[in-house]
Amino acid sequence: MEPLTLTGAIIGILAAIAGIIAAIVQVREYREKRREKPEGPGKEDQPLTPPGVPQIPHNLPPRSEFIGRESEKARVHEALRSRSYLVSIDGIGGIGKTSLALEVAHECLRASKREGPADGIAAFNGIIWTTAKDRDLTLNALLDTIARTLEYPGIAQQPLEEKRLAVRKLLQAKPYLLIVDNFETITDDSVRDFLIELPEPSKTLLTTREQKLRQVRAISLKGLTESEALALIRNEGKRLGLASLEHAEGWVLLHLYQATGGTPLAIKWAVGQIKQKGQSLDTVLASLHEARGSIFDSIFTRSWALLSASARQVLIVTPIFATSASREGIEATSDVHHFVLDEALGQLVEMSLVDATDELDLTRRRYSIHPLTRAFATSKVRQEPEGYRAAQQRLAGFYQSFTKEHGGFWYRNGLARLEPELPNILATVQWCRREHLSRMGLDILHNVLGFILIHGYWADVLGIYPPTEFVVHQVGEMGYSLSSSERSILERACEVAVSLYENRTRRSGDPYVSHAIAVGLITAAVLKGEQKDARIVAAALTHDVNYVVGPDTLAQVGRVLGSEVQTLVKEASKLGESIEEQELGHILRSFSMGAILIRLADRLHNMQTMRFTPRHKWQRLVEETENLYIPLARQADHPDIVKELERITREARQCLLTAA
Ligand SMILES: Nc1ncnc2c1ncn2[C@@H]1O[C@H](COP(=O)(O)OP(=O)(O)OP(=O)(O)O)[C@@H](O)[C@H]1O
Ligand SMILES: [Mg+2]
């Protein structure tokens, strides 16, 4: 060995020893501190808002421009202050139910925070917005949204019946306002039963196209009044740069009001038509007067006729998206590009067929459609099943490369790009599965694994793919060349995990088995080269049996998965129970690499989902992680885990500091 290399090696060894000593000292100091520190809620329990300003938890979407409806607003407020616990806003599609409910809810929020007028407006301790607009709303999802919005994530962990009772109790304790948008589309009868039995002092505000409940205080929406309709027409004229409409005399606009019956969406569609080439108020009015049957049918048919070919091509693909879409997603799906796409989207927004958020940065702008537009566009799509399939396939291809670029297993800032797309991505994966393009769907999921580990969506993922198929594919994608016996051990481990954790949920509301799968996948992702051993992954998948189910099941694991897996599970449990008492060096010497890794993977996933843990436990979790787990991960040479744990503890410390 060259003298220089020898010196380098000695320095390296000394540095490593110094590292271990430093880590041991750090662990010791931490233990000392823990002994001195009394348990109990700390500063982290204090609210973020200045004293005197009530903190009102809510999840309301932002309000948009709202005109008139003063008397209806007053009636809804009055109903919310009365003894009625169920209030509904009903009326035909597009009449403005959602807009009114949102406006009322924002006024209640301002009054509750004492930021706005409180006269005649009920104050609440929290406001929850739920909607069945894009997907069916189940009782479970409704209860989870209530629990999470009101910052009781622990409730979401419970089985459905207990969860129902816990949420009931919560809503009985203080006045909360629950809004259920598009109630008419809910098919889960237990939602209706839950709402009917909802206890005072909380209130529910429904919007519905059909009046289905008898126990409810109903406010029926009709068209806007003449002056409100004229204000909306002028406002739309201004938005579209139609000075002739913006400044028109009332009598000129009166016909438009009469022809649309004052229905806001019909007014917006009709004004959008006037803006089109060759159109005027008269041409649009003439066609409205010829309208037979539903006004929306005829306005939509006419709007469709006025659209450019590329705008049609764009509109027809919008229902493929489960939620709002990005420009690049629409571009890929519609196959309309560059300035032609901008023109098409411009025309659709102008005609109020598509709504756009007002971000200046085009890449961040999101496009969405009203339920009525969705219904019409879907009927057009159905006329061309082949075109629809091709568009879906293009979208799947788009998400395959989008998720490859912006996803990954380990957290990077880029994961943020996935967030608004996730419902669309999952709908696409579901389509892939239905169309026997399973591999494509699984590949897309592989790219978003890092996001799912942190943000959940497990119920959706495991609803599309059975856990066994999902896990075996993902592990295979991580560079494991699985022999048939390794494959079978993984399959059996998944089956054991599924059967052991059946009917259990985590605090996040995700099925419990998701944690087992997450720990299995983290373990699989970290193992490198020679270490890639399916038995370690199988042990990670069943690592919690002792703790969650009981020691008898460990023997069962041994019978089904073999003695090596059983020993590893046992070792990992033992390490978990005694990690605080053991010296770092001792852990490294006496526990196998697999057991240590499983413990680290378990801690990592618990930290990734820490936001569902009550705030007063954070301080302890963060300290333990910084003082025990990060040094252990560093010494065991798992840099990805170190980086991820450091990121999470740093962010958690910032949160705790802001709250202090
Ligand atoms: N008072 C208002 N002022 C301004 N715009 C309004 C008003 N009411 C409704 N709109 C607009 O009209 C359109 C339809 O309204 P909204 O979505 O509230 O109807 P809806 O009755 O909830 O329909 P659906 O039954 O299909 O859910 C939206 O674009 C909304 O912004
Ligand atoms: Mg609505």
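The values are calculated or read from the model by the stated rules, or taken from the named source; none is laboratory data. Small disclaimer: the values here were computed from a predicted structure and weren't measured. Here Cβ is always computed from backbone atoms with ideal geometry, including for glycine, and neighbour counts include all displayed protein chains.
Determine the pairs where a residue that is among the hydroxyl-bearing types (Ser, Thr, Tyr), located within region 193-204, has a partner that is not in a helix (DSSP H, G or I) with Cβ atoms under 6 Å apart, the partner being 6 or more residues away or on another chain.
SER202/PRO175; SER202/TYR176; THR204/LEU86; THR204/LEU178; THR204/LEU198
Looking at region 405-427 only, could you name the residues that are in a helix (DSSP H, G or I), within 25 Å of GLY479 (Cα to Cα) and within 20 Å of the chain's Cα centre (by Cα)?
Scanning region 405-427 gives HIS406, ASN413, GLY414, LEU415, LEU418, ILE425, LEU426.
Please find, among LEU205, LEU198, the residue that is closer than 30 Å to TYR85 by Cα, outside the structural domain of ILE295 (by TED's automatic domain parsing) and within 16 Å of ligand 1 (Cβ to nearest atom). Before you say what the answer is, go through the steps one by one.
Numbers: LEU198 fails: within 16 Å of ligand 1 (Cβ to nearest atom).
Being closer than 30 Å to TYR85 by Cα, outside the structural domain of ILE295 (by TED's automatic domain parsing) and within 16 Å of ligand 1 (Cβ to nearest atom) holds for just one of LEU205, LEU198, which is LEU205.
Check off (1) within 16 Å of ligand 1 (Cβ to nearest atom); (2) within 32 Å of the chain's Cα centre (by Cα); (3) within 30 Å of GLY68 (Cβ to Cβ); (4) not β-branched (Val, Ile, Thr) for LEU345 and give me the number that stays unchecked.
(1)
Within region 176-187, count every residue that is away from ligand 1 (no atom under 16 Å from the Cβ) and crowded, with 17+ Cβ neighbours inside 10 Å.
The total comes to 3.
Among (1) crowded, with 19+ Cβ neighbours inside 10 Å; (2) under 20 Å from ALA132 (Cβ atoms); (3) within 14 Å of ligand 1 (Cβ to nearest atom), where does VAL87 come up short?
(3)
Identify, by number, the condition in (1) at pLDDT below 95; (2) farther than 30 Å from GLN258 by Cβ; (3) surrounded by 15 or more Cβ atoms within 10 Å (Cβ to Cβ); (4) away from ligand 2 (no atom under 16 Å from the Cβ) that GLU350 doesn't meet.
(2)
Can you tell me how many residues in region 495-519 are assigned to a helix (DSSP H, G or I) and under 20 Å from the mean Cα position of the chain (by Cα)?
5
Is there a residue in region 223-232 that is more than 16 Å from ligand 2 (Cβ to nearest atom), more than 31 Å from the chain's Cα centre (by Cα) and in a loop (DSSP other than H, G, I, E, B)? It would help to see each step written out before you state the result.
Pass one, region 223-232, residues more than 16 Å from ligand 2 (Cβ to nearest atom): 225-232.
Now restrict to residues that are more than 31 Å from the chain's Cα centre (by Cα): 225-232.
Right, trim to in a loop (DSSP other than H, G, I, E, B) and you get 225.
Looking for residues that are more than 16 Å from ligand 2 (Cβ to nearest atom), more than 31 Å from the chain's Cα centre (by Cα) and in a loop (DSSP other than H, G, I, E, B), one finds at least one in region 223-232, hence yes.
State the number of residues belonging to region 628-660 that are closer than 12 Å to MET607 by Cα and out of contact with any helix residue (DSSP H, G or I) (no Cβ under 8 Å at 6 or more places or on another chain).
3
How many of the residues in region 361-388 are within 24 Å of the chain's Cα centre (by Cα) and loosely packed, with under 12 Cβ neighbours inside 10 Å?
Going through region 361-388 one residue at a time, the tally reaches 2.
At least 1 residues that are within 14 Å of ligand 2 (Cβ to nearest atom) in each: list the helices (runs of 4 or more DSSP H) lying fully within region 48-153 that qualify.
Details: elements: 70-81, 97-112, 139-149.
In region 48-153, 97-112 are the helices (runs of 4 or more DSSP H) which contain 1 or more residues that are within 14 Å of ligand 2 (Cβ to nearest atom).
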